[in-house]
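Data block below; observations after.
The values are calculated or read from the model by the stated rules, or taken from the named source; none is laboratory data. Given the structure is predicted, the values throughout are model-derived calculations rather than measurements. When we count neighbours, we look across all protein chains shown, and the Cβ atoms used for this are built from the backbone with ideal geometry, even at glycine. Side chains included, ligands, DNA and RNA excluded: accessible areas come from the protein's heavy atoms. Shrake-Rupley method; radii C 1.70, N 1.55, O 1.52, S 1.80 Å.
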Amino acid sequence: MDKLLALVKRPPGADRLAFCEQLLDGARRAIAQQPQVSGLVLDLVDVPAEEAGLRAGGQPSYDAVVEIWADGTAPSATMPLDLPGTAHVYRVNETIERDYERAWPLGERSPGVKSIYLARRRRDMTQDQYAAYWGQKHAPLALSVHVGMWRYTRNVVTTSAPGSDKWDGFAVLHFRTAEDLRERFYDSEEGRAAIAADVAEFTSGGRALHTSEYVLKG
């Protein structure tokens with residue numbers, strides 16, 4: 001099953017929260033008309049900074065993340081849904097390292113906060129080396145140290161649409177509550193230091209998006 005991931009930016013001058021509402025309403029309507037789409041998750045970047053344990057101020061780099069699983073997707077990163085705003089689209093290989101059991105209806109906001117970390121690989125690594133290190137070295141460490149993590153997936157980019165921002169992978173960490181994100185991200189100060197040192201072994205910078213998840217199909 002192919003997975004596509006899109007980072008969506010609102011048009012210049014548009015209100016961010018109003019744009020998120022428009023995107024959610026449009027995705028709910030469109031999903032019924034797309035039988036080839038077997039799964040659709042919309043992640044809205046609307047979590048207040050203080051809820052995620054961050055200082056207030058500034059604007060996120062993107063306003064939403066769209067995750068789509070589709071049958072018969074072309075090898076290129078082609079999104080089967082029309083998205084408003086500007087969409088940076090990536091085809092990814094997804095690995096689920098830890099999963100939750102969904103106990104709430106489709107379309108409702110999922111509990112907690114879903115944090116999506118956008119990463120670039122170290123320039124002295126190939127994409128294959130980057131993916132191997134992430135899976136074999138970093139993922140086991142992350143599962144051990146991030147004790148409040150409810151769900152964890154690795155998404156390694158295989159293809160990106162022309163004009164898309166350059167990202168090599170997306171780490172998706174879901175926390176059952178905002179408190180778990182703020183207070184239980186690390187098991188200890190030693191764990192925090194171990195994660196920082198290990199991240200530097202295979203990445204060269206990135207961004208974080210703290211989102212509300214809506215599972216619309218799947």
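Before moving on, here are some points about what is shown:
- The GluC sites (Glu not before Pro) of the stretch 1-100 that meet both conditions, a loop assignment by DSSP and at most 15 other Cβ atoms within 10 Å of the site Cβ, are Glu50, Glu51.
- Each label point was placed 7 Å from the Cα along the Cα-to-Cβ direction; for Leu17 and Tyr100 their separation is 2.3 nm.
- Helix-derived mean residue ellipticity, 222 nm - over the chain, DSSP H n ≥ 4, -39500 (n - 2.57), to 500: -6500 deg cm²/dmol
- For His210, net neighbour charge (Lys/Arg +1, Asp/Glu -1) across residues whose Cβ lies under 12 Å away: -2
- Accessible area in the full protein assembly, largest first, 1.4 Å probe, for Arg207, Arg122, Arg151: Arg207, Arg122, Arg151
- Rounded FRET efficiency, nearest 0.05, which uses the C-beta distance separating Val147 from Asp71 and R0 of 35 Å: 0.45
- Inverse mean reciprocal Cα-Cα distance (Kirkwood Rh) of the chain, Å: 17.8
- With the simple spin-label model, which puts each label point 7 Å out from Cα in the Cβ direction, the Arg55 to Asp187 separation comes to 3.1 nm.
- Accessible-area value, Lys137, 1.4 Å probe, nucleic acids and ligands omitted, Å²: 120
- Placing a pseudo-label 7 Å from each Cα along the Cα-to-Cβ vector at Glu201 and Gln127 gives an inter-label distance of 2.4 nm.
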